[in-house]
Amino acid sequence: MEFTKEGEEAASQYSNDVIESFSDRYQTFIQSHKTEREVIKGVIDALDGVKWVSDVDELHHGETYASKRHERNLAVFTYNGLDEIRAIGSHVDSPCLHLKPFPVQEEDNVSFLKSHYYGGIKPYQWLNIPLSLRGVAYTEAGERVTVNIGSRQDDPVFTIPDLLPHLSQEQLDKKMKDAVRGEDLNALAGNRHGDDEDDALRHNALRLLHEEYDLTESDLVGAELRLVPQTDPHDVGFDRSLITGYGHDDRSSVYTSLQALLTTSPSDTTSLAVFYDKEEIGSEGTTGAKNQFWNVLYEDILSLTDAEQTVNEVWANTKVLSADVTAASNPNFNDVQDKSNAALLGRGVSIKKYTGSKGKAGAHDASAEFTSSVIQTLQANDVPWQSGVMGKIHIGGGGTIAKFIANRGAKVLDIGVPVLGMHAPQEVLSKADLYSAYQAFSAFYKG
Ligand code: MN
Ligand code: MN
């Protein structure tokens with residue numbers, strides 16, 4: 001059991017009730033948590049009273065602790081010494097539209113919000129859909145404000161209107177990448193002048209923002225405000241086997257690894273889940289995987305225990321699954337995948353021995369030893385799995401946080417749920433694959 005490329009579908013390994021109940025809870029999670037900060041908060045809420053590393057004097061075996069950085073980077077672990085650490089790393093950020101520092105503008109008797117897209121999107125996909133405005137800002141007085149417009153039933157939404165077909169002759173003749181550009185992603189924000197007919201439309205939009213949130217235009221300069229898809233996740237298909245929703249990349253990994261950590265209790269290995277921000281823009285900055293967060297965590301752990309290892313020895317004792325989604329074969333686009341090596345929807349969680357593109361550039365290329373040991377763990381625990389390489393060699397490719405962790409000396413392997421339409425406002429995954437990821441991560445933590 002159970003290499004499923006040519007074999008059985010993942011769903012046949014589990015009862016439908018088990019898959020449905022898990023995916024219902026997952027859908028609630030991604031529906032409620034649509035920004036990187038919201039996802040981190042959702043993880044902390046799920047922990048239900050965890051101890052923070054910064055608040056304790058020593059670590060006790062079998063207890064769960066957490067450490068965070070800037071509300072966008074979090075580690076959760078159940079401590080069982082430092083002879084073996086089994087870790088799963090994933091990312092909480094997803095492609096979206098960030099507001100520009102001076103976002104509120106007007107033209108043609110409408111006000112709008114200017115955006116700068118975040119991550120690798122195809123801009124045309126973000127037109128004509130309802131968008132929710134979410135994030136955090138600070139008032140002049142230093143008060144923190146949490147903005148959330150669009151998540152409640154009676155909230156307004158924002159939307160970026162595309163050009164009508166009747167006037168699109170020139171647009172349709174353009175290359176697809178030029179048809180809708182970054183600067184075209186301006187979302188409608190209003191059409192009324194307020195009490196004073198002569199007052200600018202954008203002033204009315206700013207006035208309403210001030211009334212509701214006490215924010216001025218200059219407060220927006222430093223804000224983290226994002227337009228994210230407003231729509232809820234839905235079951236797809238007559239058989240309800242798939243889920244369309246925003247942010248499967250990479251909240252499917254966040255949710256499954258967290259659930260695995262919380263529901264397994266190994267006695268002689270430390271289980272760790274690390275959640276990073278900024279993966280979609282190259283893992284940069286204080287909350288991305290290139291940072292020192294994980295290293296500092298190990299230094300903190302060493303200072304709170306009588307363990308005698310050095311930090312580098314702890315890294316050498318660390319086995320990591322880099323959990324991130326991969327591309328499933330899409331029958332509408334048949335020539336981009338090497339079908340004999342591509343992941344299929346419904347065939348289980350997918351291992352990627354390497355990522356990168358064109359000669360494995362940018363890949364860390366997992367070792368035969370570690371990859372085989374993970375496969376043996378999956379087989380021994382009857383977890384349906386497959387191997388999926390992303391795309392034909394010359395077509396493109398992609399990376400994950402794996403190489404930044406591997407650089408520290410840990411053993412690392414990429415693994416995750418295959419999706420269709422990655423980075424679109426609605427991505428699609430298989431419920432059975434999602435559940436098999438949870439099973440795979442549980443088996444990995446158990447060792
Ligand atoms: Mn990802
Ligand atoms: Mn991505």
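Quick notes on this one:
- Relative intensity, log₁₀ I(q)/I(0), of segment 343-418 from a Debye sum that treats every alpha carbon as a point, q = 0.18, 0.26, 0.27 Å⁻¹: -0.74, -1.26, -1.30
- Dimensions of segment 126-234 based on its C-alpha atoms, expressed as ranges along the principal axes with the largest first, amount to 50, 41, 28 Å.
- Apportionment of accessible area to carbon and sulfur, segment 151-222, percent (1.4 Å): 49 percent
- Each label was represented as a point 7 Å from its Cα along the Cα-to-Cβ direction; for D173 and N191 these points are 3.1 nm apart.
- Extension gain, S303-R152: 0.36 nm per intervening residue step, less the Cα-Cα distance, totals 49.8 nm.
- Note, ³J(HN,Hα) from phi for segment 271-285, Karplus 6.51, -1.76, 1.60, rounded to Hz, x at Gly and Pro: 9, 9, 10, 10, 10, 9, 9, 6, 5, 5, 10, x, 6, 7, x
- For segment 157-207, alpha-carbon Rg relative to the globular expectation (2.2 N^0.38 Å, N residues): 1.57
- The count of lysine pairs in segment 55-209 whose Cα atoms are under 29 Å apart, excluding pairs fewer than 8 places apart on the same chain, comes to 13.
- Where Rh is the Kirkwood radius over Cα pairs, Rg/Rh for segment 259-299: 1.09
- Cα-based radius of gyration of the chain once divided by 2.2 N^0.38 Å, which approximates compact folds: 1.02
- With all protein chains kept in place, the per residue accessible area of the chain amounts to 45 square angstrom at a probe of 1.4 angstrom.
- Heavy-atom accessible surface of segment 231-358: percent carbon and sulfur, 1.4 Å: 49 percent
- Angle in degrees between helix 248-263 and the longest Cα principal axis of the chain, rounded to the nearest 10: 40 degrees
- Rounded to whole numbers, the Karplus 3J(HN,Hα) couplings from phi for segment 125-138 are 5, 9, 8, 6, 10, x, 10, 9, 9, 9, x, 10, 9, 10 Hz, using 6.51 cos²θ - 1.76 cosθ + 1.60 with θ = phi - 60°, and x at Gly and Pro.
- Segment 390-447 - convex hull of alpha carbons, volume per residue in Å³: 123 Å³
- Over all Cα atoms in segment 52-118, the spread is summed up by Rg and Dmax: 21.1, 66 Å.
- Projection of the Cα convex hull of segment 13-77, averaged over all directions and equal to a quarter of that hull's surface, yields 6.1 nm².
- Of G81, G222, G416, the residue with the greatest mean-square motion in the GNM of the chain, using alpha carbon springs below 10 Å, is G222.
- On the basis of the beta-carbon distance and an R0 of 41 Å, V18 and H210 show a calculated FRET efficiency of 0.25.
- Helix 293-303 vs. the chain, principal-axis angle (Cα, 0 to 90°, nearest 10): 50 degrees
- Placing dummy labels 7 Å off each Cα toward the beta-carbon, the span from K51 to R25 is 2.4 nm.
- Relative contact order for the chain, counting Cα pairs under 8 Å that sit 6 or more residues apart, in percent: 24 percent
- In degrees, nearest ten, helix 368-380 long axis to first principal axis of the chain (Cα): 90 degrees
- Centre separation in Å (Cα based) which lies between segment 250-329 and segment 404-430: 14 Å
- Difference of contour (0.36 nm per residue) and Cα-Cα distance, K446 to D232: 73.7 nm
- Dividing the convex hull volume of the alpha carbon atoms of segment 216-362 by its residue count gives 230 Å³ per residue.
- The Cα trace of segment 312-360 gives Rg and Dmax of 14.8, 48 Å, the first to one decimal, the second as a whole number.
- The aspartates and glutamates within cross-link reach of K41, meaning a Cα-to-Cα straight distance under 16 Å and a gap of 8 or more places when in the same chain, are E71, D93, E224, D250, D277.
- Inter-centroid distance (Cα atoms) of segment 76-113 relative to segment 197-240, Å: 16 Å
- Net lengthening on full extension, N381/A361 (0.36 nm per residue, minus Cα-Cα): 3.9 nm
- Pairwise Cα separations in segment 81-150 fall into 10 Å bins from 0 onward with the following percentages, short to long: 14, 35, 27, 13, 9, 2, 1.
- Percent carbon-and-sulfur accessible area, segment 51-91, ignoring ligands, DNA and RNA, probe 1.4 Å: 36 percent
- nm² value of the averaged projected area, convex hull over the Cα atoms of segment 317-447: 7.9 nm²
- Value of D in µm² per second that Stokes-Einstein yields for segment 1-140, Kirkwood Rh from Cα pairs, at 4 °C (1.567 mPa s): 66 µm²/s
- Highest mean first, the peptides 379-390, 165-176, 149-160 sorted by other C-beta atoms within 10 Å per residue fall in the order 379-390, 149-160, 165-176.
- Spin-label model distance (nm) - V296 vs F333, 7 Å beyond Cα toward Cβ: 3.8 nm
- Helix-only CD estimate at 222 nm, as mean residue ellipticity for the chain, using -39500 (n - 2.57) per DSSP H run (n ≥ 4): -8000 deg cm²/dmol
- Globularity index of segment 287-388, i.e. its alpha-carbon radius of gyration over 2.2 N^0.38 Å: 1.39
The values are calculated or read from the model by the stated rules, or taken from the named source; none is laboratory data. Since we're looking at a predicted model, the values are computed, not measured. Cβ atoms come from the backbone with ideal geometry, glycine included; neighbour counts cover every protein chain shown. We work out accessible area using only protein heavy atoms, side chains counted, and drop any ligands, DNA or RNA first. Shrake-Rupley method; radii C 1.70, N 1.55, O 1.52, S 1.80 Å.
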